[in-house]
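One structure, as structure tokens, below. Some questions next.
The values are calculated or read from the model by the stated rules, or taken from the named source; none is laboratory data. Here the structure is a predicted model, which means the values were calculated and not measured. Positions of Cβ are backbone-derived with ideal geometry, glycine not excepted, and every protein chain shown enters the neighbour counts. Just so you know, the surface numbers come from the protein's heavy atoms only, side chains and all, with ligands and any DNA or RNA stripped out. Shrake-Rupley method; radii C 1.70, N 1.55, O 1.52, S 1.80 Å.
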Amino acid sequence: STTVEYRVVLKPPSYLSSVLNFLAPIASNNTNSSAAQVRPTRFVRFKQAAARAKHQVSAVIQASVVLTLLVFVGFLMFFCLHKTDMGVGDTSQYTEDKDCDYVMVFPLQGDQARNFHISGTRAFLLTWDTQLPARKLAGNIFLDPRKQHLFTEEELDERFPLMMSTADYHKAVCELLTEALRGPHFGLEVEAFPSVDGDEAFLRMQLPSHSDTVEQYAMYCRYRMPLTDATYAKVNLEVPRNHYGDAIHAYAPFNSHDEQLFMAFRSSDRVRLLRARLNRFIDLAELMNQKVLAEHFCPHNNEEVRELCHVWANLRLWWQPPQRKLESRIKDYFGAEVAWLFVWQRYFAVALIMPALLSVPIFFRRFFLDIPQQRMIQIAFGIFMTMWATAFNRMYYRYEATVKQCWDVDKVQAFDELRDHHNIELEGVWRQRCGMLLGDALAISMVIISIVGIRLIQGLRETLIASHSSYVWQQASAILVSTQILVLDKVWCQLSKVLVDQENHKTSSQWQRSWVQKVFLVRMFNNLYPFLYIGFFKQFSYQGCPGTKTGCLDELQRYLLTYFVTRLLIHLASDLYYVTVARAQLQWDMRRSAQEAKFLHLQVQAKAQEHDDKLLMDDWTEQTLTFIHLTCFNIVLPVIVLLALLMTLVEARCLAHRNCRFLRRPVPRNAPGIGEWHRVLEGAEFVAVLVNLSLGIFAMQPLNELPASKKLVLFVVAEHVILFFKYLVTLKFPPMPCDVEDAESINADVLRRTTAKFQLHNKLQRRISARVMSGPLDVGPSAFGGRRPSKDATS
């Protein structure tokens, strides 16, 4: 019989052949190059796997030597911070005083002609017999063209001659200031008392609770207050709620004629109204510059701080994210501007839990899989985290819309929008333009310094390796890189603030936006370039990478681990610094005091660090840098997601602990969301796509073994595909949740009905006539007998 064999040959299309030819080098790397090659036996494969595991364990142990030491030091700092009970929010060791809304601190004159005064973070020398141009200086305080005036030119001419001694000038300003605060324009309850060591006079101010002064303040500013539940019942509607169960009350400008429609004024409302009133008539910054005023601050509320320290600022709860229900309490006490940081931080920590759990089994891939298999898992995880970053930003934007509606900060602007340091005469002049050009030049200089520094550190590392130095000394380069990043960050943060001040911005929002852009671009390069150089650029330099399958990636992982631990240590050390400074000043004052007495709680707060714009900028940049490192280097070190989660949890409690115990209470200010940081986080998404694809294609097997042209084509195609899918993710989540829109429509209906029934559209009150407070009051340089001599002088 004859057997006939038929073969059908299917020829693929031309475009499919091109794809197969493009992927052929990748497939050839994972197969045997010779058909005659004998497959290793099971015993040989077991020995190879054991050798790989031994190498990985050895590398992990070696990398853990320095990290263990750093973690131990961090644990000691954390323990010392937890055992520190001397914060401004703790009153167990000090005499509790009356609650008040605002405090001013004035320096007192001593027996000597000169007195060196230290208060909080300020230190200055006062020469009391120096002649000053009194009339001109007083006009800068009370006749600022950007503010409303309490006094006329003639009234200032009567009180201030052309020249006065420093002591007489300070006394005249203090008399005029206290007269205004107790007059009909303010109507404050004012009380003065000396400090324990007798070098300062404290002026305690409070809006009277038994009069309508607060209501007049609110009417004057058209201050928005929430409507009560009873108001909704009167118009036959229920208070709307979002999907979290939060009640969404409508806000309307306060009207004293229908006071029963509004909720009671909170502590933050009273402080915000008083500070806005002060900024409207008095230049507090000029009082500080002339050294008439040593400090002014909003004091802590003892009862509220104790509760926050128990449920929010408790370091023992570092392992769990703060509760969502605390966000409104934080906003009511510290203001929305500070609270938005903790809102984003909590949402970020919760969103990291799922990818952090996923990164744990991926970490153990190194002990069981070959290098090409490990890299493919890392590339897949990197793509997943790229999509996660987009989804996180979009979901947070929706959550922020919900919180903004609940807080009523989406339609409200801060009272003190105009900056006190704005100079009308400098608008558009060459000095302002040169300041911007100087800022760009210095930014480029910081970039060059960062590049040169990394080059020198890598050269030092090569020298140590060539001289067969100890392993520990070789790994010191990782600590040097982290140190350079942190030092340059601090220097540029200080320098950029000076540059932005020279740009003469008119409003606080313009100043804030300019500072964020100026400080963060340089800090982002400074934080990313050292790791990009090691993981990507170093292989093309004269130094090169080791001739192993991993190349420079092991070194990059070690540097990233060291950087995260070092950052956490610096954060803990900064908190200990605030404690040390406050304690040193208190010990100095106690030593100078001629009598043994307990400090009042206000005096403790006067020695604490101020929660200023620089501190808030540092906090925000630290959080966004964690987000950037997480999204850019998860493909190299997947366990960085777990590190970011742990670091965020620890920092959340440390920041809360610092704000409640070691810092003064900031003036509660409104802010419509995180503002410019949205653009920073969205820009980090795009940078993360470029960095992850660069590392996955050009630095990882098997893709890095492709020809250069194919790697470039693969990079461009993958980048466009990922960006397209990220765009689809943004379309999936609209910026405004449905429940927010529904609550908005219900509250709009409530306001229409309430306005028609109760006449909430009354005209703006143009003048305040509060009750005048009478009685003698003196906070001038010679008040309370002047500065008392210290113990050493009396002995």
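What part of the accessible area of region 91-179, given as a whole %, is carbon or sulfur when the probe is 1.4 angstrom?
49
If R0 is 22 Å, what FRET efficiency do you get for Arg324 and Leu576 from their C-beta distance, rounded to 0.05?
0.15
For region 224-293, what does the relative contact order come out to in percent, with C-alpha contacts under 8 Å and a separation of six or more? Kindly include the intermediate steps, with their values, before the conclusion.
Values: 45 pairs, mean separation 21.7, N = 70.
Value for region 224-293: 31 percent.
Something else about it: For region 619-740, report the accessible area per residue in Å² (1.4 Å probe, heavy atoms, rounded to an integer).
Result: 32 Å² per residue.
Moving to a separate point now. Relative to the Cα centre, what is the charge dipole magnitude of region 298-356, using +1 at the beta carbon of each Lys and Arg, -1 at the beta carbon of each Asp and Glu, and rounding to the nearest 20 debye?
Values: 7 positive and 6 negative charges, 48 e Å.
Charge dipole, region 298-356, about its Cα centre: 220 debye, nearest 20.
Within region 653-686, find all residues whose amide N lies under 15 Å from a label point positioned 7 Å from the Cα of Leu616 along Cα-to-beta-carbon.
659, 664-678
Over 21 Å apart: what share of the alpha carbon pairs of region 460-556 falls there, rounded to a whole percent?
50
For Thr121 and Ala708 in one chain, what is 0.36 nm times their gap in residues minus the Cα-Cα distance, to one decimal in nm?
Numbers: separation 587, 0.36 × 587 = 211.32 nm, distance 5.70 nm.
Value of the extension gain: 205.6 nm.
Here is a further query. How much accessible surface does Lys325 have with a 1.4 Å probe, in Å² rounded to 10?
Here the accessible area works out near 150 Å².
In nm, give the distance between the simple-model label positions of Asn314 and Leu460, each being 7 Å from the Cα along the Cα-to-Cβ direction.
Placing both labels 7 Å along Cα→Cβ, they lie 4.4 nm apart.
Seen from all sides and averaged, what is the projected area of the convex hull of the Cα atoms in region 192-267, in nm²?
Seen from a random direction, the Cα hull of region 192-267 projects 8.4 nm² on average.
How much space per residue, in cubic angstrom, does the convex hull of the C-alpha atoms of region 229-379 take up? Don't skip to the end; give the middle numbers.
Details: hull volume 36.5 nm³, N = 151.
Once divided by residue count, the hull of region 229-379 is 242 Å³.
Please work out how much length the chain gains when fully extended from His720 to Lys147, using 0.36 nm per residue of separation minus the C-alpha to C-alpha distance, in nm with one decimal. Display every interim value, and only then the final one.
Numbers: separation 573, 0.36 × 573 = 206.28 nm, distance 5.34 nm.
Taking His720 through Lys147 to full extension adds about 200.9 nm, to one decimal.
Still on this model: Over 21 Å between C-alpha atoms is what I'm after, so list which of Lys147/Lys171; Lys171/Lys291; Lys291/Lys607; Lys291/Lys506; Lys404/Lys490 land there.
Pairs exceeding the cut-off: Lys147/Lys171; Lys291/Lys506; Lys404/Lys490.
Suppose each label sits 7 Å from its Cα in the direction of the beta carbon; what would the Arg398-Val498 distance come out to in nanometres?
Inter-label distance under the simple model: 4.7 nm.
In whole percent, how big is the carbon plus sulfur part of the accessible area of region 667-723, probe 1.4 Å, protein atoms only?
68
In whole percent, how big is the carbon plus sulfur part of the accessible area of region 233-390, probe 1.4 Å, protein atoms only?
Here it works out to 58 percent.
May I ask you to compute the full-extension gain from Asn236 to Arg753, defined as 0.36 nm times their residue separation minus their alpha-carbon distance, rounded to one decimal in nm? Don't skip to the answer; put the middle values down first.
Working: separation 517, 0.36 × 517 = 186.12 nm, distance 0.99 nm.
Value of the extension gain: 185.1 nm.
Over region 641-688, how many percent of alpha carbon pairs lie in each 5 Å bin up to the one with the longest distance?
The percentages, shortest bin first, are 5, 15, 11, 17, 26, 16, 8, 2.
Cut-off 14 Å, label point 7 angstrom out along Cα-to-Cβ of Ser782: give me the residues of region 146-171 whose amide nitrogen falls inside.
165-171
Another question, if that's okay. In whole Hz, with x marking every Gly and Pro, tabulate ³J(HN,Hα) for region 480-494 from phi via Karplus 6.51 cos²θ - 1.76 cosθ + 1.60, θ = phi - 60°.
So the Karplus estimates, Gly and Pro as x, are 5, 5, 4, 5, 4, 4, 5, 5, 5, 4, 5, 5, 5, 4, 5 Hz.
Apply the Karplus parameterisation 6.51 cos²θ - 1.76 cosθ + 1.60, with θ equal to phi minus 60°, to every residue of region 731-739 and state each ³J(HN,Hα) to the nearest whole Hz, in sequence, with x for glycine and proline.
Those phi angles translate into 6, 5, 10, x, x, 10, x, 5, 5 Hz.
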